[in-house]
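Chemist: Just passing along the structure, written as structure tokens.
The values are calculated or read from the model by the stated rules, or taken from the named source; none is laboratory data. Nothing here was measured: the structure is a model prediction, and the numbers come from that model. Cβ sites come from the backbone with ideal geometry, for glycine too, and all protein chains shown count toward neighbours. Heavy atoms of the whole protein, side chains included, go into the accessibility calculation; ligands, DNA and RNA do not. Shrake-Rupley method; radii C 1.70, N 1.55, O 1.52, S 1.80 Å.
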Amino acid sequence: MTKPILVISFLLSASLGFAQNDNSDDTGPLDPWEGLEYRIEGQGSFSGKKTPLWLNANKYGLSSLKATNGYLRAGVERPLDTDKERKWGIGYGVDVAVPFNYTSNFVMQQAYAEGRWLHGALTVGSKEYPMELKNNELSSGSQTLGINARPVPQVRLALPDYWILPFANGWLQLKGHIAYGWMTDADWQSDFTGKTSNYAEGVKYHSKAGYLRIGNEERFFPFSVELGLEMACIFGGTAYLPQPDGTMQELKGETGFSSYWHAFKADGKDAGETTYTNCAGNTLGSWLIRMNWEEDNWRASIYADKYFEDHSSMLQLDRDGYQEGENWQAGSSKRFLLYDFKDWMLGAEFHIKYDCPVNTVLFEYLYSKYQSGPIYHDHTKTIADHIGGVDDFYNHYMYPGWQHWGQVIGNPLYLSPVYNDDGTLNVQNNRFWACHLGIDGHPADHLQYRLLATYQEGWGTYHDPYRKKHHGVSCMFEGTYHFDEDTPLLDGWSARVAYGMDFGAIRGNQWGLQLTVAKSGLFKRRK
């Protein structure tokens, strides 16, 4: 795993060091209050049983499955882009919610400060980061770094916007980030599990990503390709595993500088591993590609998201056999196994750039049933063959699943632990295929809508399969009206109504109505 990671990290470090802003203008003092925005919002959800999927998912974790729930929310933000014409800039934000029937009685959704020098940005705190290379309003979600769970507090060094590399005549651009943080849901985990199934506390978080774009807008060339690698890891802390006698075994993760280095390189080993080792912590990621054709009035794209959880599914290649005798732990240099190319998200999107009744149509197909195959066998002294299957996406034997506060951090079609009624934090349906449709448009002035519809067939997991195949249908229709900005009393107000439904055994049968009223704008400073 290490070589692709080091290459991307080197390119990011080089770009942060050499990136320049030729159009910057630092004349005059920077005003830290300039561009300060505010937003107040109230939301209520009313359902027959549980909140349907698309009224609950991809909301950065600010949501609830309870039949009746809601929140009052207020926030202020100074975007970093306020100082885009300067060589350096600052940004900050605070966003809080007081919910009812949520997993918390108070939510500090965002609280961060950030600074930029040239093109490099440093952010400290909790911030909502959008998905890369996907439509954040219509997509079912990224498989690694999604928008379905609460933000993780972190220190993040990033090249947030594409920067033109100083070679290749402007045809190559790069962006990405490296971050370390800490999970905040330890108390919720112990309450949810009743301390009778796997949970963890003091767990750290790491993510990194790099994206390379091939294309040149200045040459008016309509075709571009974006390539990306996203990786993440939860590590350290203390994991608690139930034992047959009813006690809980404590497994302490690695600490010190070495734990951060192993999380970065995706190597090392977990507590208790001796003969067979994989990676320290729960390590996962995605290979991404998006191809775009852009004209003056429309844009068409196709994309893919290849998810992986270990060496076999990351590189699709693994050692197929080891040596014998005293060298039984040494790999054979002649025998390799090529895994099937499955477990993809494939998508297509068509967008019209001017307002019309149908602006965007998006279709996605997801398949996660393979997971490198149904058999896992580590080589032994007598059987040299090695088969690295049963990847068990989003789950880990030591740490809870790839989740934060009960919601999966990636794509919500993987059944989030918050749905579990047995007090476990596992993703209980990670082998499935699904088709997803998203449509939006502007049928009239100030009015826009969004339609999401998903069909899914699930098999549970390899370790705990469903007795028979489960089906699920989830859909949502949402309309948003932005009041006339020429009317002073209504300027900045919006109202949103959404209706959602779930059918089938995966999430049950339920309907729900969600109402949201919001006011946003700029603070006006007295002169």
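Chemist: Answer with one residue from V94, F363, A168: the one whose Cα lies farthest towards the positive end of the charge dipole of the chain, charges on Cβ with Lys, Arg +1 and Asp, Glu -1.
Modeler: Final value for the positive-end residue is V94.
Chemist: Moving to a separate point now. Take the Cα gyration tensor of the chain, multiply each eigenvalue by 5, square-root it, and list the three semi-axes largest first, rounded to whole angstrom.
Modeler: Semi-axes (√(5λ), whole Å): 38, 29, 24.
Chemist: Using alpha-carbon positions, what is the distance between the centroids of the stretch 157-207 and the stretch 61-83, in Å?
Modeler: Here the answer is 20 Å between Cα centres.
Chemist: With +1 on the Cβ of every Lys and Arg and -1 on the Cβ of every Asp and Glu, and nothing else charged, how large is the dipole of the chain about its Cα centre, in debye rounded to the nearest 20?
Modeler: 420
Chemist: Which translational diffusion coefficient, to the nearest whole µm²/s, is obtained for the stretch 190-257 from the Stokes-Einstein equation, given a Kirkwood hydrodynamic radius over C-alpha pairs, 10 °C and 1.306 mPa s?
Modeler: Value of D from the Cα-based Kirkwood radius: 100 µm²/s.
Chemist: Less than 11 Å Cβ to Cβ from L362, Lys/Arg counted +1 and Asp/Glu -1: what total charge do the surrounding residues give?
Modeler: Once positives and negatives cancel, what remains is -2.
Chemist: When the dipole is taken about the Cα centre of the stretch 67-226, and only Lys, Arg (+1) and Asp, Glu (-1) are charged at their Cβ, what size is it in debye, to the nearest 20?
Modeler: Using only the charged Cβ atoms, the result is roughly 300 debye.
Chemist: Then there is this: Counting Lys and Arg as +1 and Asp and Glu as -1, each charge on the Cβ, what is the dipole of the stretch 209-267 about the Cα centre in debye, to the nearest 20?
Modeler: 120
Chemist: Among the listed pairs K134/K369; K49/K204; K50/K252, which are separated by more than 26 Å between their Cα atoms?
Modeler: K49/K204; K50/K252
Chemist: Leaving out ligands, DNA and RNA, what percent of the accessible area of the chain is carbon and sulfur, probe 1.4 Å?
Modeler: 58
Chemist: Sorting Y60, Y455 by accessible area (1.4 Å probe), largest first, what list results?
Modeler: My answer, sorted largest first, is Y455, Y60.
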